[in-house]
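What follows is a set of notes on a single structure, which appears directly below.
The values are calculated or read from the model by the stated rules, or taken from the named source; none is laboratory data. Given the structure is predicted, the values throughout are model-derived calculations rather than measurements. Positions of Cβ are backbone-derived with ideal geometry, glycine not excepted, and every protein chain shown enters the neighbour counts. Keep in mind that these areas ignore ligands, DNA and RNA; they rest on the heavy atoms of the full protein, side chains included. Shrake-Rupley method; radii C 1.70, N 1.55, O 1.52, S 1.80 Å.
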Amino acid sequence: MNLFTIFISALLINNVILSKFLGMCPFMGVSTKLDSAVGMGLAVTFVIFGASVISWFLYYYALVPLGLEYMELICFILLIASFVQFVEMFVKKSSPGLYKSLGIFLPLITTNCAVLYVAQDNITQGYSLIETMVNSVAVPLGFMLMLVIFATIRERLNGNDVPESFRGNPIAFIVAAIMAIAFTAFAGLV
Amino acid sequence: MNKDSMAYKGVLLGLLCAFCGLTLSGVNAITAPKIEEARLAKIKANLEQFYPGAEFSEVRDYQDDTGLVKGVYVAEGKGMIYNLKVTGYNSSGFTFMVAYNDDGTVAGFTPIEQNETSGFGSRCFDPEYINQILELTADDDAPLLSGATLTSSAIRNGMAAASALFEAGK
Amino acid sequence: MTAVENKEAKMGFFKEMIYNNPVFGLYLGICSVLAITTTITNAIGMGMAVIVVLVLSNILVSLIAPITPDEIHIPVYIVIIASLVTIVGMVMQAYMPSLYSSLGAFIDLIVVNCIILGRAEAFACNHNPLESARDGLMMGLSYTFSVLAMSFIRQVLGTGVLSFTNPLTSTEVFAFRLIPAGYEISVFTTQTGSFLTFAILAALVAAYKNANDRKVAEAEKARKVAAAKAAAEAKKAAAAKAAAAKAEAVKAEAPKAAPAPAAKAEEVKA
């Protein structure tokens, strides 16, 4: 499949948040402020790209030759957990400010459904290495795009008169519903 | 062995992984044959729709650049059947099978799994549209259906990929 | 337990389900909730899978936690949960293929469902296997009820038909058309409808919680006011008692004092 098609469809058409519902847990927590949204988006992009490429190699060069395809889930999730641990150590040493602002959400990237999904999707779709790399960059960029859009909307929503039971997350889901309608306009783009 | 030593941690993790691996391989040995059996039965049931009672065999190596062709099957002496996965309106896509007789005419068209918009895209799977496809040959393009543009374009692309393989195989 | 206590315990159970609902209250595991709640069959199937994984993982984690050093506890729990999920997935693919294909990738994603790892870390590692199993069952049932509620709304409003398919035999057990054909609101079968239904259910739970909190706060306030009132009254009563006692003492002294001037008057007279 054309690399451009993969990129656009992962970024806009099959947007990981609005279309596939992945990565919602940290999404609701981090999309309240703009700067933490950008930081989180970049961290997730790095993690997904690194973890997916490494797991691609792990699958095709270790699991398949040994006939251990059923160990895929365990190996992938352990790989993701170790990779996030490594990234956490690296961020702590190199930029403590970013580490502090991300707080608990950095180790929680392990449980971000999107990371495991992308790693497994690359295998299910049978992508080559280049296609895997493009997909693994496009999906988290879509995630970051949504985070930034939502952060700007939610920052303005805070000052408005939201009904009491909708305050916080429920109104964010209403916003997501409207954005989902908006993004269906991209269907058939490629 | 002290609980905090590296050796203890290594041994614990190693034993745990080994135990889980063994359990999984056991469960896999039990379930994998059943899964494969179900998969083949499902495919065979679909193939029988086109050429009941024929001998089917799967073609493993085929050159498909579009990525839409998911399976190629030969019905001995009758024709070729292609399993295609395309994306129409619904982002998760839909699968359908199309069969070409040896003389190039379309032998059959059937959706396998689809979730297109009811009343719009789903009209591509109604007899009215399918009859139009059954009139075609391997050289023709599937017609587009207004109000079901994305779905019928996807069907057109899928059938183009299938007929390309059909022509190449001839 | 008396009848009243039984009723309170039952109401407590439902109240607990809504109050500490992991899905609509704590927003855990929402990825799967949003994605699979298109039909009731999916909801029940996923709920069962989550219950099995949650109960078994809680038991296993509570067994292995005492011998696990702190630094590697996350990988250990992850390996346990991932193995359980793989087994459940394989069994489902072999014996319930239609359910497996509708749930798709979300079976494997149970391993990153925040509820499971969250309960393992928060509860199972500190309690014995029996209590952990019970906790897993409660949380799993909570999750199943939540997804069932959401799928019910989405399926009935979105397709108009309330149906359930037996996953083992792929045959339809029942199908009732509740909304006439052509009048269903098909947006509920799309992503938008999923977000909308979730938002409304979350708002309902929040409203319930707020109303409950308000009731509890008012009851507390009333109790405090009553207590203060009672204290004030007790004080008043005590003061009145003290005054009465004092008046008695004065009265007792008065005859003594009165005879004194009377005696003096008599002396003067005499």
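Just a few scattered comments:
- For residue B:59, distant residues with modelled amide H under 5 Å away: B:72, B:73, B:74
- Neighbour net charge for residue A:55 - beta-carbon separation under 14 angstrom, K R +1, D E -1: -4
- Cut-off 17 Å, label 7 Å out along Cα→Cβ of residue A:149, residues of segment C:190-222 by amide N: C:191-196
- 222 nm mean residue ellipticity, helices alone, for chain A (DSSP H n ≥ 4; -39,500 (n - 2.57); rounded to 500): -21500 deg cm²/dmol
- Placing unit charges on each Cβ (+1 for Lys and Arg, -1 for Asp and Glu) gives the protein assembly as shown a dipole about its Cα centre, and among B:75, C:227, C:69 the Cα reaching farthest toward its positive end belongs to C:227.
- For segment A:100-125 versus segment A:69-93, the inter-centroid distance based on Cα atoms is 9 Å.
- Per principal axis, descending, Cα span of chain A in whole Å: 60, 44, 26
- Gaussian network model of chain C, springs between alpha carbon atoms under 10 Å - residue of C:186, C:151, C:132 with greatest fluctuation: C:186
- Members of segment A:12-56 that become less accessible by 50 Å² or more once partner protein chains are added (1.4 angstrom probe, chain alone as reference): A:21, A:25
- Size descriptors for segment B:52-169, from the alpha-carbon set: Rg then Dmax equal 13.6, 39 Å.
- Rolling a 1.4 angstrom probe over the protein heavy atoms with all chains in place gives chain C an accessible area of 53 Å² per residue.
- Chain B against chain C buries an accessible area of about 1700 Å², both chains summed, 1.4 Å probe radius.
- Dipole in debye (nearest 20) - chain B, about Cα centre, beta carbon charges: Lys, Arg +1; Asp, Glu -1: 1000
- Centre separation in Å (Cα based) which lies between segment B:1-60 and segment C:139-201: 32
- Within the accessible area of chain A (1.4 Å probe), percent carbon and sulfur: 68
- Heavy-atom surface analysis with a 1.4 Å probe gives segment C:13-189 a carbon and sulfur content of 69 percent of its accessible area.
- Entry note, chain C: relative contact order of 24 percent, from Cα contacts under 8 Å with a spacing of 6+ residues.
- When the alpha carbon gyration tensor of segment A:90-180 is reduced to an equivalent ellipsoid, the three semi-axes, largest first, read 30, 21, 12 Å.
- Helices that extend 15 Å or more along their long axis by alpha-carbon positions and average at least 1.6 on the Kyte-Doolittle scale are, among the DSSP H runs of chain C, C:40-64, C:73-95.
- ³J(HN,Hα) computed for each position of segment A:88-104 - Karplus, 6.51 cos²θ - 1.76 cosθ + 1.60, integer Hz, glycine/proline x: 4, 4, 5, 5, 4, 6, 8, 9, x, x, 4, 4, 5, 6, 6, x, 6
- Cα shape, segment B:1-50, gyration tensor, a/c 1.5 rule: prolate
- The protein assembly as shown - charge dipole about Cα centre, Lys and Arg +1 at Cβ, Asp and Glu -1, debye rounded to 20: 3740
- Value of relative contact order over segment A:55-190, rounded to a whole percent, pairs C-alpha under 8 Å and six or more apart: 20
- The residues of segment A:15-186 expose on average 42 square angstrom of accessible surface per residue, using a 1.4 Å probe on protein heavy atoms.
- Cα gyration tensor, the protein assembly as shown - rounded (a/c under 1.5), prolate or oblate: prolate
- Taking amide H atoms as placed 1.01 Å from N in the peptide plane, the amide H of residue B:136 lies under 5 Å from those of B:106, each 5 or more residues away in sequence or on another chain.
- Aspartates and glutamates with Cα under 13 Å of residue B:42, excluding same-chain neighbours fewer than 8 positions away: B:113
- Residue-wise HN-Hα couplings along segment B:74-90, as the Karplus relation 6.51 cos²θ - 1.76 cosθ + 1.60 with θ = phi - 60° gives them from phi, are 10, 9, 3, x, 10, x, 10, 10, 10, 9, 10, 10, 10, 10, x, 7, 6 Hz; Gly and Pro carry x.
- Net charge of Cβ neighbours under 15 Å - reference residue C:104; Lys, Arg +1; Asp, Glu -1: -1
- For residue B:88, the residues whose modelled amide H falls within less than 5 Å of its own, excluding neighbours fewer than 5 places apart on the same chain, are B:93, B:94.
- Calculated from backbone phi, Karplus (6.51, -1.76, 1.60) coupling profile of segment A:56-67 in Hz, x at Gly/Pro: 4, 4, 4, 5, 7, 10, 10, 6, 5, x, 8, x
- Within the listed set B:29, B:75, B:99, the Gaussian network model of chain B (springs between alpha-carbon atoms below 10 Å) gives the highest mean-square fluctuation for B:29.
- Environment charge at residue B:149 (Cβ cut-off 15 Å; Lys +1, Arg +1, Asp -1, Glu -1): 0
- Which listed pairs, of C:15/C:229; C:15/C:224; B:44/B:78; A:100/B:9; A:33/C:209, have C-alpha distances above 23 Å, in listed order: C:15/C:229; C:15/C:224; A:100/B:9; A:33/C:209
- Computed helical MRE - 222 nm, chain C, DSSP H runs ≥ 4 contributing -39500 (n - 2.57), nearest 500: -25500 deg cm²/dmol
- Label-to-label distance for residue B:59 and residue C:214 is 7.0 nm, based on points extended 7 Å past Cα in the beta-carbon direction.
- Anisotropy class of segment B:58-124 from Cα gyration tensor, a/c 1.5 cut: oblate
- The protection proxy used here, the mean number of other Cβ atoms lying within 10 Å of each residue, ranks peptides C:189-195, A:160-166 as follows, highest first: C:189-195, A:160-166.
- Segment C:1-143: relative contact order in percent, alpha carbon pairs under 8 Å with at least 6 residues between: 38
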